[in-house]
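Right, one structure below, let's go through it.
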Amino acid sequence: MTVSSAPSEAPIHQHVFLGEAHAQSERKTWAVIWLCGAMMCAEIAGGLLFGSIALVADGLHMSTHAGALLLAALAYTYARKHAANPNFTFGTGKFGDLAGFTSAIVLAMIAVLIGYESVTRILAPIQIHFAEAIPIACVGLAVNIASAWLLSSGGHHHGHSHGGHGEHDEAHTLPTPAGDLILEVFEEGVPPRFRLRAAAGPAPAADVALITTTRADGARQDFPLVARGEYLESVAEIPEPHAFSAQLRIGTETYTTVFEEHDHGNGAAGRDNNMRAAIIHVLADAAVSVLVIIGLLLARTFGWLWMDPLAGIIGACVIASWSFGLIRDTGAILLDRIPDSRLAHDVRKLIESDGSRLADLHLWRLGPGHLGAIVSVCAKDGRNAEYYRAKLARFRSLSHVTIEIHRSAIAVPPRP
């Protein structure tokens, strides 16, 4: 038997799963489009006025650059305008990932085109007008640097870290007559344990130090410490969750502090791939400009005409590499791949910490910084869905959670 997680009066769920900096990113993208558009018009007009085909060509190239950014801007605008549209079951947070995937395909096509053109010029060299080509490449580089600065300033687009496993809580400083001591929960690459060290000087002797934790339900646990060189470490692992008061006893003195575990984000799952795609477009163009300038200078100075197409081939490889990474990441999101395996591990560990059994877990990304989860639990001692919902509340990235409670004994597949 499966019990629904909805209470007698189910709350109305809002399915707005846009990134925190969505509005800011939308404004910045439109600003860069206007900059590129103005540069494009100036180059085309100047080229026609002064008879420079190279200037016209660079202006047309700038139009493709503006077009790619327009895709990102329209995705931001559409997602915002339709964020509350009930026809989108889980909101419009994935529009940015769809735009990022499309931009990655465009980048791959550009890389192929640049590579083809470069190989053609190696096989059949053409005359290079250095006096025009080098200044145009420099102007293009300046525009790309300005665009990258506008897009990347004032925001965070790559997420931060994982909640729980793989991180450690903030260090707690405990003033003592012998000097400050630093107590922390450490779990970077190891099971979670207490570590105690002195801010300056040697750590206290292990045989006179003991940590006792007290949780909200009154459960207490002692953690004897052993010496590990410059710090002391608890012998026993600390069970989840890491939320408790900790009493440190050194001899006859007692020092108390409180640990409150938080979810600090979800790494790549919190990344704005739409902004990432826009920045990659700009950086790719800038990288090609730098390589072209270097190739042109060497070709003009030493007569190495092959340096110009060689720079194009290197630029094509760089763009292709960035494109592959963007296709891989956005494609995984569009196919609802688990965005954070460490968070999935944390959810399982937290649910099963009281003897319950996690029968099934679906975890997927709804938008930048927002994850959805369907949690199927073989509950212990008649605990209801709200009990598990409260336990999962520490994962702030879980924006939409559905909990199923199984009361009767069911066959649960073995854990991998």
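The values are calculated or read from the model by the stated rules, or taken from the named source; none is laboratory data. Just so you know, these numbers come straight off a predicted model, no measurement behind them. A quick note on method: Cβ atoms are made from the backbone with ideal geometry, for glycine too, and the neighbour counts reach across all protein chains shown. Heads up: the accessible areas ignore ligands, DNA and RNA and are worked out on the full protein's heavy atoms, side chains in. Shrake-Rupley method; radii C 1.70, N 1.55, O 1.52, S 1.80 Å.
Restricting Ala299, Ala320, Ala287, Ala316 to those that are at pLDDT 85 or above, of a type in the set (A, V, I, L, M) and either in a helix (DSSP H, G or I) or in contact with a His (Cβ under 9 Å, 6 or more places away or on another chain) (or both) reduces the list to Ala320.
Here's the yes/no breakdown for (1) without any contact (Cβ under 8 Å) to a residue 60 or more places away in the chain; (2) within 26 Å of Lys349 (Cα to Cα); (3) open to solvent by 30 Å² or more (accessible area, probe 1.4 Å):
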| position | (1), (2), (3) |
| --- | --- |
| Ala205 | yes, no, yes |
| Leu225 | yes, yes, no |
| Ser234 | yes, yes, no |
| Glu237 | yes, yes, yes |
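Taken over the stretch 293-334, the residue count meeting the criterion of being farther than 26 Å from Ala72 by Cα and hydroxyl-bearing (Ser, Thr, Tyr) is 1. Of everything in the stretch 346-367 that is open to solvent by 20 Å² or more (accessible area, probe 1.4 Å) and not in a strand (DSSP E or B), the residue that is farthest from Glu20 (Cα to Cα) is Gly355. Between Ala344, Ala332, Ala320, the distinction of being closer than 18 Å to Asp97 by Cβ and aliphatic (A, V, I, L, M) belongs to Ala332 only.
With respect to Gly218, determine if the residue is among the small types (Gly, Ala, Ser), open to solvent by 50 Å² or more (accessible area, probe 1.4 Å) and either outside any loop (DSSP other than H, G, I, E, B) or at positive phi (or both).
Judged against the criteria, Gly218 is not a match.
Of all the residues in the stretch 323-340, those that are in a helix (DSSP H, G or I) and out of contact with any strand residue (DSSP E or B) (no Cβ under 7 Å at 6 or more places or on another chain) number 11. Of the residues making up the stretch 368-397, those that are part of a loop (DSSP other than H, G, I, E, B) and in contact with a strand residue (DSSP E or B) (Cβ under 6 Å, 6 or more places away or on another chain) are Ala379, Ser397.
Entry remark, the stretch 393-405: residues being over 16 Å from Arg365 (Cα atoms) and either modelled with pLDDT of 85 or more or among the acidic types (Asp, Glu) (or both) number 3 in total. Contact annotation: residue pairs with Cβ atoms under 7 Å, 6 or more positions apart or on different chains, pairing a residue in the stretch 338-357 that is within 13 Å of Ala373 (Cβ to Cβ) with a partner that is assigned to a helix (DSSP H, G or I) and β-branched (Val, Ile, Thr), are Pro339/Ile333. Among the residues making up the stretch 80-101, those that are within 19 Å of the chain's Cα centre (by Cα) and either outside any loop (DSSP other than H, G, I, E, B) or over 19 Å from Trp364 (Cβ atoms) (or both) are Phe95, Gly96, Asp97, Leu98, Ala99, Gly100, Phe101. Of everything in the stretch 144-161 that is closer than 30 Å to Phe395 by Cα and not hydroxyl-bearing (Ser, Thr, Tyr), the residue that is modelled with the highest pLDDT is Leu151. A single member of Ser25, Ser52 is at pLDDT below 75 and among the polar types (S, T, N, Q), and it is Ser52. When Glu187 is tested against (1) out of contact with any strand residue (DSSP E or B) (no Cβ under 7 Å at 6 or more places or on another chain); (2) open to solvent by 20 Å² or more (accessible area, probe 1.4 Å), only condition (2) is not met.
Listed here are the residues, each with its yes/no results for (1) out of contact with any Asp or Glu (no Cβ under 7 Å at 6 or more places or on another chain); (2) aliphatic (A, V, I, L, M).
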| position | (1), (2) |
| --- | --- |
| Val190 | yes, yes |
| Arg193 | no, no |
| Thr214 | yes, no |
| Arg220 | yes, no |
| Leu225 | no, yes |
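The residues in the stretch 104-143 that are within 18 Å of Thr29 (Cα to Cα) and either β-branched (Val, Ile, Thr) or at pLDDT 85 or above (or both) can be counted, and the count is 3.
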